[in-house]
């Protein structure tokens, strides 16, 4: 399992790109194989999405589509994808 201690200090809650990077770090370990802490990843993606970060929106869409860390909800997945594309 990767060391995620750096994320606590790294994530400034006002930078969507940093939220996406932190969320990806929580989502996958160094080998991109194992989930480290999916709930913390979702929190980062939500904050980043609220800041307008399209990468976070797309990642949330994928999570809702697959049910990773959130209940599977295809309607919410479509909504996040549309927001990422600037449709809504």
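Just so you know, all these numbers are worked out from the coordinates, no wet-lab data involved. All values reported here derive from a predicted model rather than from experimental measurement. Ideal geometry is used to build each Cβ from the backbone, glycine not excepted, and the neighbour counts take in all protein chains shown.
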Inter-label distance for residue 17 and residue 50, nm, one decimal - labels placed 7 Å from Cα along Cα-to-Cβ: 2.2 nm
Length gained when the stretch residue 29-residue 78 is fully extended (0.36 nm per residue, less Cα-Cα span): 14.9 nm
For segment 5-85: rounded, prolate or oblate by the Cα gyration tensor [a/c cutoff 1.5]: oblate
